[in-house]
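Structure first, commentary second.
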Amino acid sequence: MSKIQYEIKKLIATLSTTAKGWSKELNLVSWNGYPPKYDIRDWDSTHTKMGKGVTLSEGELIALYQALKQMFEGESTKEPDTPNDNWKDQLQKWLTHSPLFIQQIKNVLSYMNEKGFSIEMQKKIFIGSQPLLSEEALQYEIESISSIYSPLFEEFVQCICSLDEENIEAMFREIGKL
C-alpha cells in the first residue's frame, strides 16, 4: 500500500486538545499533491500521526457554515449582505469589475454544456463536490480560475450554492449569452 502524502498549508483553528497532546484541528491540507482542501481531524503534537477526519471542498465548507449559522443563530441560511440575494446584480458587478473572470467562467460552462453536463452536475463541479477523474483539463481550468480570481470565485460559489436549480440555470444561460 502506498504512503499517503500530505502538507498542512495552513492551520485555521485548533478545536480541542487532549491530555495526551493530540489536537482536533481545522487545517488547509494538500493530500497526495492535489490542491488543498479544508480538513478536520485529530493530530499528534508533531503532526506525524493523525486520526480519522473529514475533508471538505470550499463549497462544502460554505454549506456547513451556513447550516451551523442556521442552527446556532436561527437565521436564514442566506447571508443578507451577500451577492446571493440577487444574482443578476452580482453578475453585472463581476462583468463591470472583472470581465475576464466572467469570460473564463463562460468558457468552462460552454465546455460543460458541449459535454452534456446537467445543471446539477455543473454546480457540483464548481463547488468542488464532484471529482473530475476523466476531465483533468476541466479540473485544471477551474482550479486556475479559483486561484487567480480567488475572492470572485468564492463569491461565485456562494452565489450558486444559494440558488435553486432553476435560478442557477438562468444565471448560467445569461453568462452564456455574454
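Structural remarks
- Listed conditions (1) under 30 Å from Lys177 (Cβ atoms); (2) at pLDDT 90 or above are all met by Thr77, apart from (2).
- So Ile102, is it closer than 25 Å to Lys37 by Cα, outside the structural domain of Gly33 (by TED's automatic domain parsing) and at pLDDT 90 or above: yes
- Within segment 142-178, the residues that satisfy the criterion of being under 21 Å from Pro35 (Cα atoms) and surrounded by fewer than 16 Cβ atoms within 10 Å (Cβ to Cβ) are Glu143, Ser144, Ser147, Ile148, Ser150, Pro151, Glu154.
- Screening segment 1-80 for strands (runs of 3 or more DSSP E) wholly inside it with 1 or more residues that are touching a residue at least 60 places away in the same chain (Cβ under 8 Å) and within 24 Å of Glu136 (Cα to Cα) returns the ranges 37-43.
- Segment 90-122, subset polar (S, T, N, Q) and outside any helix (DSSP H, G or I), residue farthest from Arg173 (Cα to Cα): Ser98
- Of all residues making up segment 107-147, the number that are aliphatic (A, V, I, L, M) and without any contact (Cβ under 8 Å) to a residue 24 or more places away in the chain: 5
The values are calculated or read from the model by the stated rules, or taken from the named source; none is laboratory data. From a predicted model like this one, the values you see are computed outputs, not experimental measurements. Reconstructed Cβ throughout: ideal geometry from the backbone, glycine too, with neighbour counts over all protein chains shown.
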